[in-house]
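Written below as structure tokens is the structure these notes are about.
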Amino acid sequence: SQQGEEDPQALSIQEGENATMNCSYKTSINNLQWYRQNSGRGLVHLILIRSNEREKHSGRLRVTLDTSKKSSSLLITASRAADTASYFCASISYSGAGSYQLTFGKGTKLSVIP
Amino acid sequence: GAGVSQTPSNKVTEKGKYVELRCDPISGHTALYWYRQSLGQGPEFLIYFQGTGAADDSGLPNDRFFAVRPEGSVSTLKIQRTERGDSAVYLCASSSLAGGDTQYFGPGTRLTVL
């Protein structure tokens, strides 16, 4: 079962505005990753933040992680129409015997209006 | 080098039939994952391979689903006696380390069971 939940489920903003998406998870994690998906096909990795990190930047992306609240946020600054996609957070947990499991939330559908 | 590839990109079959979905991971990646994604949902973990062995198959929904990776590279997901509820996009991902790192996804196979 999926353990992550993104908030909001859908977000519509004007080009140039910032977009913030939140994610919550339920169990202890090794790291948390954000992915982007266009048209329901392959996912593209955006950024990975480890459990001992609190904030990470990559270009126009900023990710925060609060392990005490089991939550993360993804901020996209100065959004562009090309940022329109679904965004998923995925938590990585060690499930024993050398095995890691990536658990996705349901995603936030972002629409950036030109 | 080339990314993760999956074949076929689309598969339409009739209820009760057997299907095989193929995944070619990035060369040298030891970890390989299969996920299933239904419309409007995030990817759902199915099985994880480390090398040739299935390190975690806890996500397989029932014994109609089986996956192999005989030489530690290409993997095949096999579904017996398909049901309409099996219709989804099946995604494959690979990573270079023991699963706890960035996963690179293929474009997926859209399976439709009539």
Qualifying strands (runs of 3 or more DSSP E) (wholly inside the stretch A:69-114; at least 2 residues being aromatic (Phe, Trp, Tyr), within 13 Å of chain B (Cβ to nearest Cβ) and farther than 20 Å from B:Asp57 by Cβ):
A:85-96
Pairs needed: first member in the stretch B:4-15, touching a residue at least 24 places away in the same chain (Cβ under 8 Å); second member anywhere, β-branched (Val, Ile, Thr) and outside any strand (DSSP E or B); C-beta distance under 8 Å; at least 6 residues apart or different chains.
B:Val4/B:Ile26; B:Thr13/B:Thr82; B:Glu14/B:Thr82; B:Lys15/B:Thr82
Can you find, within the stretch B:36-49, the residue that is farthest from A:Thr108 (Cα to Cα) among those that are part of a loop (DSSP other than H, G, I, E, B) and open to solvent by less than 10 Å² (accessible area, probe 1.4 Å)?
B:Pro43
Please find, among B:Gly108, B:Gly59, the residue that is surrounded by 15 or more Cβ atoms within 10 Å (Cβ to Cβ), more than 17 Å from B:His29 (Cα to Cα), within 10 Å of the chain's Cα centre (by Cα) and of a type in the set (Gly, Ala, Ser).
B:Gly108
Residue by residue through the stretch B:1-35, note down the ones that are open to solvent by less than 50 Å² (accessible area, probe 1.4 Å) and touching a Pro at 6+ places or on another chain (Cβ under 7 Å).
B:Val4, B:Gln6, B:Leu32, B:Tyr35
Across the stretch A:1-55, what is the number of residues that are small (Gly, Ala, Ser) and out of contact with any strand residue (DSSP E or B) (no Cβ under 7 Å at 6 or more places or on another chain)?
3
It is to be established whether one or more residues within the stretch A:24-45 are facing chain B (nearest Cβ under 10 Å), among the charged types (D, E, K, R) and surrounded by 14 or more Cβ atoms within 10 Å (Cβ to Cβ).
yes
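Are any residues in the stretch B:73-98 over 11 Å from the mean Cα position of the chain (by Cα) and open to solvent by 20 Å² or more (accessible area, probe 1.4 Å), and if so, which ones?
Matches in the stretch B:73-98: B:Ser73, B:Gln80, B:Arg81, B:Glu83, B:Arg84, B:Gly85, B:Ser87, B:Ser96, B:Leu97, B:Ala98.
Quick one: how many residues across the stretch A:1-57 are small (Gly, Ala, Ser), modelled with pLDDT under 95 and part of a strand (DSSP E or B)?
So the count comes out to 2.
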Just to verify a result, which residue in the stretch B:73-114, among those that are hydroxyl-bearing (Ser, Thr, Tyr) and assigned to a strand (DSSP E or B), is farthest from the other protein chains (Cβ to nearest Cβ)?
B:Thr76
Take the residues in the stretch A:85-97 that are farther than 16 Å from B:Gln103 by Cβ and surrounded by fewer than 17 Cβ atoms within 10 Å (Cβ to Cβ); name whichever of them is modelled with the lowest pLDDT.
A:Ala97
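The values are calculated or read from the model by the stated rules, or taken from the named source; none is laboratory data. It should be emphasised that the depicted structure is a prediction, and the values quoted were computed from it without experimental measurement. Please note: Cβ atoms are built from the backbone with ideal geometry, for glycine as well, and neighbour counts cover all protein chains shown. Just the protein is used for accessible areas: all its heavy atoms, side chains included, with ligands, DNA and RNA removed. Shrake-Rupley method; radii C 1.70, N 1.55, O 1.52, S 1.80 Å.
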